[in-house]
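Read the structure below first, then the notes.
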Amino acid sequence: MALVLNDRVKETSTTTGTGTFDLDGAVTGFETFVAGIATGNTTYYCISHQTADEWEVGLGTVTDAATDTLSRDTVISSSNSDGKVVFTAGTSDVFCTFPASKTMDMALTTTGDTVYASAANTPARLAIGTGLYTLQTNSGGTAPEWAASPQSVMTAAGDILYASGANTLAKLAKGSDTEVLTLTSGVPSWAAPTVGDITGVTAGTGLTGGGTSGTVTLTIDTTGVSAGSYTNTDLTVDAQGQITAASSGSSGITAGFSIAMAIAL
């Protein structure tokens, strides 16, 4: 089944009531619904009584039969407060039409409107969105909608974009100088950096000083070694690498070294 429209499709009918109309044949200069629309297809129709104030515009289905018929599936407008008309005795004209409510001109009422299909063969209007918004499909995938774009959210230099919810853009305004980015309940925010605290400084082996507050100083313990220059030095070094004793040794060749050299020669 398809929606089909065609020019110069017009017949007459003497059907009464609110049911399906029997079609009595084409008016001179026109063609039948079966010829112009084809059986099984739907079309927009208008039924207008020739002598009574009775008329109806709607969507109907054409059926090819011994007597062709047009069902009145959906009424769009009518002389009966837009409901089905109870047609009285007499002849009615039945013809193919295009309802004004189905035109884009009638759907688009404001500059910037967008037209889309809210259902099969049903135009609908999406009003113009907010500046810098983008067009997207809704979460159900059934219709278009306007949504915030990055450009519409980030309005000042330094702004940061994040998701405040599923598929929802949000802006975090820039923070102050030296602030750091952190999370609060899972949401990004700016905060002053955390500074670590030293609760105490203890002097180890070979050191003196230390403390638990304010400015503290560590001093290397003196070892009793005098500052100066030493020759043929004898040194003593403790486990912390400090020189704890130093003295100059004897110069020249020892007796043992002289004997050893003589034997070697």
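Calculate, in nm to one decimal, what Thr20 and Thr199 gain on full extension: separation in residues at 0.36 nm each, minus their alpha carbon distance. Write out the running numbers ahead of the final one.
On the way: separation 179, 0.36 × 179 = 64.44 nm, distance 9.39 nm.
Computed gain between Thr20 and Thr199 is 55.0 nm.
Going by a ≥ b ≥ c, the root eigenvalues of the Cα gyration tensor, does the stretch 106-153 fall in the rounded group (a/c under 1.5), the prolate group (a/b larger than b/c) or the oblate group? Judged from the Cα gyration tensor, the stretch 106-153 comes out oblate (a/c at least 1.5, b/c at or above a/b). Lys and Arg at +1, Asp and Glu at -1: add these up for the other residues within a Cβ distance under 13 Å of Asp22 and post the number. Within the 13 Å Cβ shell, the charges total -3. Each part reduced to its alpha carbon centroid, the stretch 155-206 and the stretch 46-115 end up 65 Å apart. For the chain, the longest principal axis of the Cα atoms and the long axis of helix 255-264 meet at an angle of about 80 degrees.
I need the shape label for the chain. Rule: rounded when a/c is under 1.5, else prolate if a/b > b/c, else oblate, with a, b, c from the alpha carbon gyration tensor. It would help to have the intermediate numbers written out before the result.
Details: a/c = 7.47, a/b = 4.45, b/c = 1.68.
Because a/c hits 1.5 or more and a/b exceeds b/c, the chain counts as prolate.
Along the stretch 164-175 the Karplus relation, 6.51 cos²θ - 1.76 cosθ + 1.60 evaluated at θ = phi - 60°, assigns HN-Hα couplings of 7, x, 4, 6, 10, 7, 9, 10, 10, 5, 4, x Hz to successive residues, with x for each Gly and Pro. Under 18 Å Cα to Cα from Lys84, which aspartates and glutamates show up? Leave out anything in the same chain fewer than 8 places away. Of all the aspartates and glutamates, those that pass the test against Lys84 - Cα under 18 Å, at least 8 places apart if same chain - are Asp22, Asp53, Glu54, Glu56, Asp73, Asp93.
Here Lys171 is the anchor, and the aspartates and glutamates within straight C-alpha reach of less than 14 Å, apart from those fewer than 8 places off in the same chain, are Asp159. Selection among Leu23, Ser139, Tyr116 by position relative to the dipole of the chain gives Ser139 as farthest towards the positive end (Cβ unit charges, Cα centre). With the gyration tensor restricted to C-alpha atoms of the stretch 10-97, the semi-axes of the equivalent ellipsoid amount to 19, 14, 11 Å, longest first. Charged neighbours of Ala245, selected by a Cβ distance under 13 Å, balance to -2 (K, R count +1; D, E count -1). About its Cα centre, the chain has a charge dipole of approximately 780 debye under the convention of +1 per Lys or Arg Cβ and -1 per Asp or Glu Cβ, with nothing else charged.
Read-outs throughout are calculated quantities, based only on the coordinates presented, and are distinct from any laboratory measurement. In this text the structure is predicted, and so the values were computed from the model without any measurement. Because the Cβ atoms are built from the backbone with ideal geometry, glycine has one as well, and the counts that use them run over all protein chains shown.
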